[in-house]
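What follows is a short report on a single structure.
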Amino acid sequence: MKSYRVIDLLDEIITGDWGQEPNGINDTKVLRTTNFTNVGHLDLDKEVVTRNIEQKKVNQKKLKYGDIIIEKSGGSPEQPVGRVVYFDVQGDDIYLCNNFTSILRPNSTKVDNRYLFYFLFYQHKIRTVLKYQNKTTGIINLKLDNYLNKSEIKLPSIKVQHRIVKILDSVFELIEKRKIQIETLGQLIQSVFLEMFGDPISNPKEWNISSCKDVTKKIGSGATPIGGNASYKVDGISLIRSMNVYNNRFNYKDLAFIDEEQAGKLNGVEVYKNDVLLNITGASVARSCIVPNDILPARVNQHVSIIRVKDDMVSYIFLNYLFTNEFYQKHLWQIATSGGATREAITKQQIEKLPIISPPHYLQNNFASIVQHIEKQKSLMQSSLVELENMYNALLQKAFKGELFS
């Protein structure tokens, strides 16, 4: 199987353009890296800007179906520059890409466009691009010429490339369908909540209302150990931070650990089974989930509040889904952004005063049973998703090692 430099498989490399402010004449849609997803697809639901670009440049630089758009400036310490997306937009609309990106137009007589896209996508995924980036004035740049000249790809026949692309596309489609199914189950829970209890803020069902202080026995946040990130341990007692708390989902990535001595200074915020976690500062304010049992024992830092219910007054599952209800989320955000502070925040006193509707306990328990049933289905779907993603990654690796069809 012969190897080729990526540069030798391209008909054109076209730099992006930012043009001028739109004026209603020669205005053209321009894609930015904000329209990139991390799975190689464009997101046109995010704002696509229009810019004033002279017609000659538009004719030279407009995207064509099957082009690969590569990010050449941007990135972050966690995410290298060099992401790619495949341009598969059909129709009469004309798009360009901005000056932080370039168009790679494959020579389709030599290589299947999507095969080359998958290769570049895989190179970014395994961080090969790190060798070809530099940093100037705070921006990470991709040394694109070096990257394309020095990156080599083994090319099977066009027929085999088509087969590999078909397999990768099929698995990717299954992954996206599974994600939609998981999201749909989450939406189902919210629909059930609204049907059973109504909007918890306007309270159309006229439930009795209690304060959060009255239905809970613990509301409190912790602190970051002295030394910050450098003081964290490889294992030990979990320290929950705002990055771990998502609506109705605990994110295990970057879960920090502290030792017994550090935890002893945070005994006032020891996390118990069935505690509700609520983010109280920053851009993630108002996100809420139930603590998973498998991370206990645990503490929280100052950006996360523990809310421990009185079981005879409110169901912890009901309270969590009340917090994550779309109407209640708006209410929490209004509280967090009131007062003119530069950083979003909800105080302990504000949590204590939160209005909590109080439907009969049997209804709350019925809702909790429905949630647990749906969550079991979600868990099965999530396990299936992980298996599909592992399969996808293995297929990518085999494809570009020449092992998929040997």
Filter result for the condition that a residue is of a type in the set (D, E, K, R) and within 19 Å of Q350 (Cβ to Cβ), over K233, K218, K265 | K218
Check on I103, out of contact with any Phe, Trp or Tyr (no Cβ under 6 Å at 6 or more places or on another chain) and buried (at least 20 other Cβ atoms within 10 Å of the Cβ) = yes
Which is within 30 Å of G82 (Cα to Cα) and either surrounded by fewer than 18 Cβ atoms within 10 Å (Cβ to Cβ) or hydroxyl-bearing (S, T, Y) (or both), of S191, S202, S170, S210?
-> S170
Determine whether region 115-136 contains at least one residue that is surrounded by fewer than 21 Cβ atoms within 10 Å (Cβ to Cβ), β-branched (V, I, T) and in contact with a Ser or Thr (Cβ under 8 Å, 6 or more places away or on another chain).
-> yes
Is there a residue being assigned by TED's automatic domain parsing to the domain that holds K218, in contact with a strand residue (DSSP E or B) (Cβ under 7 Å, 6 or more places away or on another chain), closer than 19 Å to K217 by Cβ and among the polar types (S, T, N, Q) anywhere in region 262-272?
-> no
For region 348-366, state whether one or more residues are touching a residue at least 24 places away in the same chain (Cβ under 8 Å), out of contact with any strand residue (DSSP E or B) (no Cβ under 7 Å at 6 or more places or on another chain), of a type in the set (F, W, Y) and within 21 Å of V192 (Cβ to Cβ).
-> no
Of the criteria (1) farther than 22 Å from K348 by Cα; (2) touching a Cys at 6+ places or on another chain (Cβ under 8 Å), which one I307 fails = (1)
Give region 234-250 a look and list any residue that's exposed (fewer than 14 other Cβ atoms within 10 Å of the Cβ) and not aliphatic (A, V, I, L, M), or say none.
-> D235
Which one of these is under 30 Å from K179 (Cα atoms), of a type outside the set (S, T, Y) and not assigned by TED's automatic domain parsing to the domain that holds L266: N365, N320?
-> N365
Pull up region 53-69, narrow it to residues that are out of contact with any helix residue (DSSP H, G or I) (no Cβ under 7 Å at 6 or more places or on another chain) and surrounded by 15 or more Cβ atoms within 10 Å (Cβ to Cβ), then point me to the one that is nearest to R127 (Cα to Cα).
-> I69
Unmet criterion (only one of (1) closer than 21 Å to W207 by Cβ; (2) in contact with a helix residue (DSSP H, G or I) (Cβ under 6 Å, 6 or more places away or on another chain)) for L385 = (1)
Criterion: free of Cβ contacts under 8 Å to residues at least 24 places away in the same chain and either surrounded by fewer than 16 Cβ atoms within 10 Å (Cβ to Cβ) or not hydroxyl-bearing (S, T, Y) (or both) - qualifying residue of D275, D311 = D311
Out of (1) among the polar types (S, T, N, Q); (2) at pLDDT 95 or above; (3) surrounded by fewer than 18 Cβ atoms within 10 Å (Cβ to Cβ), what's the single condition that is false for S231?
-> (2)
Residue, farthest from G402 (Cα to Cα), within region 139-160, restricted to residues that are out of contact with any Ser or Thr (no Cβ under 9 Å at 6 or more places or on another chain) and polar (S, T, N, Q) | N146
If you scan region 348-368, which residues turn out to be surrounded by 13 or more Cβ atoms within 10 Å (Cβ to Cβ) and part of a loop (DSSP other than H, G, I, E, B)?
-> L354, P359
Given (1) surrounded by 21 or more Cβ atoms within 10 Å (Cβ to Cβ); (2) over 21 Å from the mean Cα position of the chain (by Cα); (3) within 25 Å of D145 (Cα to Cα), number of the condition D17 does not satisfy = (1)
Selection over region 269-286 where residues are among the charged types (D, E, K, R) and farther than 15 Å from R299 by Cβ yields a count of 0
Residue within region 224-232 that is in contact with a helix residue (DSSP H, G or I) (Cβ under 8 Å, 6 or more places away or on another chain), touching a residue at least 40 places away in the same chain (Cβ under 8 Å) and farther than 19 Å from E375 by Cβ present = yes
Quick one: L142 ticks every box in (1) of a type outside the set (S, T, N, Q); (2) in contact with a helix residue (DSSP H, G or I) (Cβ under 8 Å, 6 or more places away or on another chain); (3) under 19 Å from L9 (Cβ atoms); (4) in the same structural domain as E387 (by TED's automatic domain parsing) bar one, so which box is it?
-> (4)
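The values are calculated or read from the model by the stated rules, or taken from the named source; none is laboratory data. Keep in mind the model is a prediction, meaning the values are calculated, not measured. Cβ: placed from backbone, ideal geometry, glycine included. Neighbour counts: every protein chain shown.
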